[in-house]
1. Counting GluC sites (Glu not before Pro) as exposed when in a DSSP loop with at most 15 other beta carbons within 10 Å, what is the longest stretch of the chain free of them?
2. Using Cα springs under 10 Å in a Gaussian network model of the chain, which residue among 134, 94, 178 shows the largest mean-square fluctuation?
3. Under the rule of at least 5 residues apart or a separate chain, name every residue whose amide H is placed under 5 Å from the amide H of residue 56.
4. Name the residue farthest towards the positive end of the dipole of the chain from the options 198, 247, 135, assuming +1 on Cβ of Lys and Arg, -1 on Cβ of Asp and Glu, about the Cα centre.
5. Once the dipole of the chain is set up with Lys and Arg at +1 and Asp and Glu at -1 on Cβ about the Cα centre, which of 117, 261, 226 lies farthest towards its positive end?
6. Within the stretch 61-291, what is the number of lysine pairs with alpha carbons under 28 Å apart, leaving out pairs fewer than eight places apart on the same chain?
7. Only Cα pairs within less than 10 Å get springs; with that Gaussian network setup on the chain, which residue of 48, 75, 289 has the largest fluctuation?
8. To check you understand DSSP bridge types, tell me what percent of the beta bridges within the stretch 1-152 (both residues inside) are antiparallel, rounded to 5.
Amino acid sequence: MEPLWNWYVEWELPGSGHLFHKRELICHCRSPYQDIEVAVLDPLGKALILDGKIQSAELDEHVYHEALVHPAMILHGSPRRVLILGGGEGATAREVLRFRTVEEVVMVDIDREVIEASKRYLPEWHRGAFGDPRLNLVIGDGLEYVEEASRRGEGFDVVIADLADPTEGGPAYKLYVREFYEKAKTILRSGGVFVTQATSLSYDISTHAIIRNTIASVFKHVASYTVFIKSFDDEWSFVIASDDKDPATLTPERVGEALPGLVEGENRFYDPESHARMFSLPRYARDILAREKRVATLDNPVYVPV
Ligand code: SAM
C-alpha cells in the first residue's frame, strides 16, 4: 500500500468523498483568496484544484467548458460582447472565442495567481486564448465589476458565471444570491442570456435547487441542465436564463443547424444528441426542483455542504 500522501481525497459531503491517486504535484501555493494546486491525478491527468476542490481536469475539461458555454451562446444566436466571471483556466474564454460573431470578451477573475498558474501549467486548457486580441482580462471581483458595469450602463449579449462553488467564507458565494442576479440582469442587452455553473446535482441537490429558484425569481425563462463529469464523479449542473429567449425553444434540431455556422472547428462533446441528454432531467430531480421555494439572498446565502 502506498503512503496516504500519494492520494488525493476530495470531500463531497462531511461523510463522503472520492479518491484519486496523485502521480505528481506540479505546483502548490496559497493566494490571498484560495489554496491553489496543479497536480496529475490518476485517471484524470492534470487537474486544477482550488481549496481542495477539482475545478477541471485534462480528461474531461472539454465536456464541462463546452456544456457551460455553447447552449447560452447558441440560444442568443449572434453574441458579439460576452462577459465571463471567473473561468481562471482560460478554457471558458477559449470556447467563447471559437464563436465567429464574438468581437469582445471581458473575463473577470479575482485571483491573479490562478491566472498565472493556468497560463504556465495549463496550456491545453487556454490554447492561446489569453493572447487573443478580443480578450480583455480584468483581475478583480466579479460582483464589483458587474456593479460598476451596471453604473456605467454597459451591455453584454451573454454573461457566463464560471465561478468556484459557493462556500462559506469563500470568494464566490455573493455571486449566487438574488441581489447579484438582479445586477447581472441590468447589464444584459436585449435578447441577452445568463448562464452559471450551479454545483452538483447529486451530492446535495438542494444547493442546485436554491440557485435555480433564485435565478427564476429574477428572470422570466430559466432551465436547469446537467452533464456527467468524471473528474467531479458526478452529474454537474448549470442554470441558463433570459428574459427574452426561452431555453425550451433550443431544440436539438436548432443546435444542429446553428453549430456549423457559429462555431470555428469541431466540438468534442456538445452536439444535438448531447444537448437532448443535458436538458432531460430525471423525474426525482424535476420533482425536487418543482417543490423548492427557498431563494438565496445576501442575508441568507446558499452554501455547498463542504
Ligand atoms: N469549473 C469550476 C467549478 O466547477 O467550480 C469553476 C472553475 S474556475 C477555475 C473558478 C474561478 O472563479 C477561479 O479562477 C476563481 O479565482 C474565480 N473566482 C472565485 N470567486 C470570484 C469572484 N468573486 N470574482 C471573480 N472570480 C472569482
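The values are calculated or read from the model by the stated rules, or taken from the named source; none is laboratory data. Owing to the predicted nature of the structure, the values given are computational and were not obtained by experimental measurement. Don't worry about glycine lacking a Cβ; one is built from the backbone with ideal geometry, like all the others, and counts go over all protein chains shown. All accessible areas refer to the heavy atoms of the entire protein, side chains included, with ligands and DNA or RNA removed. Shrake-Rupley method; radii C 1.70, N 1.55, O 1.52, S 1.80 Å.
1. 1-102
2. So, out of 134, 94, 178, the one fluctuating most is 134.
3. So residue 56 has HN proximity to 48.
4. Of the candidates, 247 comes out farthest on the positive side.
5. My answer, from the dipole projection, is 261.
6. 12
7. 289
8. 70
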